[in-house]
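The values are calculated or read from the model by the stated rules, or taken from the named source; none is laboratory data. Note that the structure is predicted; figures quoted are calculated from it, not measured. Please note: Cβ atoms are built from the backbone with ideal geometry, for glycine as well, and neighbour counts cover all protein chains shown.
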Amino acid sequence: MAALSLQAGPILEIEKATVYRGDTCVFEDLSFTLQEGVHTAILGPNGSGKSTLLKLLAGEVHPVPNDAMRIRLFGEEQWNVWDVRKRLGMVSHDLQHQYMDQVTGLKVILSGFYSSIGIYGHQEFSYAQLARADEMLEEMGSASLKDRRFGEMSTGEQRRCLLGRALVHEPAALVLDEPTSGLDLTATFHYLDLVRARMLKGKTLLLVTHHIHEIPPDVKRVVLLKQGKILQDEEKRAVLTEANLSRLFDCPVALVEANGWYQALPCHATSG
Ligand SMILES: Nc1ncnc2c1ncn2[C@@H]1O[C@H](COP(=O)(O)OP(=O)(O)OP(=O)(O)O)[C@@H](O)[C@H]1O
Ligand SMILES: [Mg+2]
């Protein structure tokens with residue numbers, strides 16, 4: 001496999017990818033590009049293919065091979081999935097479910113250096129890596145979780161540790177799947193603050209979600225995905241409209257905006 005290029009450019013280029021999960025054709029000729037520095041949210045209803053797109057990116061599902069299909073990561077057509085995992089920081093619900101209950105907070109963070117689930121005897125960590133993992137626990141507001149086992153953490157605590165794991169190796173991009181589902185308001189705001197701080201430091205965000213309220217103001221591009229097809233891919237203000245969201249979710253949606261954040265509401269007030 002070729003070594004990954006270090007020059008700036010598109011992080012991800014997908015051209016005409018057809019992807020099946022079991023007998024379901026999730027994408028047919030899907031094309032999508034993620035440019036470095038262009039924070040992007042992919043918004044779509046349940047089953048639209050958001051998690052499948054991230055699995056494609058992570059090398060966990062594969063496109064049907066054909067002459068027109070290309071997937072380039074950091075400009076390279078031939079990529080080693082482990083190199084890619086090191087250059088992307090991913091947090092998904094599957095990862096949270098798969099993660100091993102007995103692993104402590106510090107080890108969860110350390111596992112990010114190898115993109116592994118848990119850490120193993122053959123893995124070696126330098127003093128600098130150990131110190132970085134400690135710092136990351138502090139930065140995530142999770143110092144008290146250093147020796148706590150993953151299975152004994154709350155959902156929000158687990159999520160913060162997994163964010164630290166995704167960031168500890170300084171990836172170019174942060175890739176998040178519904179990052180705040182299951183978190184209460186305080187945990188949601190704290191988590192989004194942590195993500196925004198990383199965006200300000202130059203990490204490109206790729207967020208996939210059906211929660212409009214978790215799209216940070218710094219996201220400039222929004223892609224609407226429905227039944228495996230891209231309905232719209234434009235600047236956020238043009239995409240986040242009541243008409244577009246009503247079409248996307250097949251129900252009437254009212255939209256409110258405050259300080260660059262959006263929230264979707266039912267269109268009609270219910271009688272009480
Ligand atoms: N392991 C699987 N085997 C067969 N079909 C699958 C599998 N996983 C997902 N699918 C199907 O693929 C389609 C896309 O699923 P995916 O999980 O990518 O959707 P999603 O947009 O992430 O949805 P959600 O918002 O519910 O997380 C759905 O029709 C789903 O039923
Ligand atoms: Mg999903």
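One line per residue, one yes/no per condition, for (1) over 26 Å from residue 235 (Cα atoms); (2) of a type in the set (Val, Ile, Thr); (3) modelled with pLDDT under 95:
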| residue | (1), (2), (3) |
| --- | --- |
| 26 | no, yes, no |
| 41 | no, no, no |
| 47 | no, no, no |
| 56 | no, no, yes |
| 59 | yes, no, yes |
| 66 | yes, no, yes |
| 70 | no, no, yes |
| 78 | yes, no, yes |
- Query: Within the range 230-272, restricting attention to residues that are touching a strand residue (DSSP E or B) at 6+ places or on another chain (Cβ under 8 Å) and basic (Lys, Arg), which residue is surrounded by the most Cβ atoms within 10 Å (Cβ to Cβ)?
  - Reply: 236
- Message: Cβ-Cβ under 8 Å, sequence separation 6+ or interchain: first residue in the range 64-79 and of a type in the set (Gly, Ala, Ser), partner surrounded by fewer than 10 Cβ atoms within 10 Å (Cβ to Cβ). Which pairs?
- Response: 75/7
- If you check every pair at least six apart or on different chains, which have Cβ atoms under 7 Å apart with a residue in the range 181-194 that is more than 16 Å from residue 212 (Cα to Cα) first and a residue that is surrounded by 15 or more Cβ atoms within 10 Å (Cβ to Cβ) second? 187/156; 190/141; 194/140; 194/163
- Query: What pairs come up if the first residue lies in the range 12-30 and is at positive phi, the second is within 12 Å of ligand 1 (Cβ to nearest atom), and their beta carbons are under 9 Å apart, counting only those six or more places apart or on different chains?
  - Reply: 16/30
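What residue, of 195, 175, 256, is within 27 Å of residue 11 (Cα to Cα) and either in contact with an Asp or Glu (Cβ under 8 Å, 6 or more places away or on another chain) or part of a strand (DSSP E or B) (or both)? Even if it seems obvious, please write down each step before you answer.
Numbers: 195 fails: either in contact with an Asp or Glu (Cβ under 8 Å, 6 or more places away or on another chain) or part of a strand (DSSP E or B) (or both); 256 fails: within 27 Å of residue 11 (Cα to Cα).
Result of the check over 195, 175, 256: 175.
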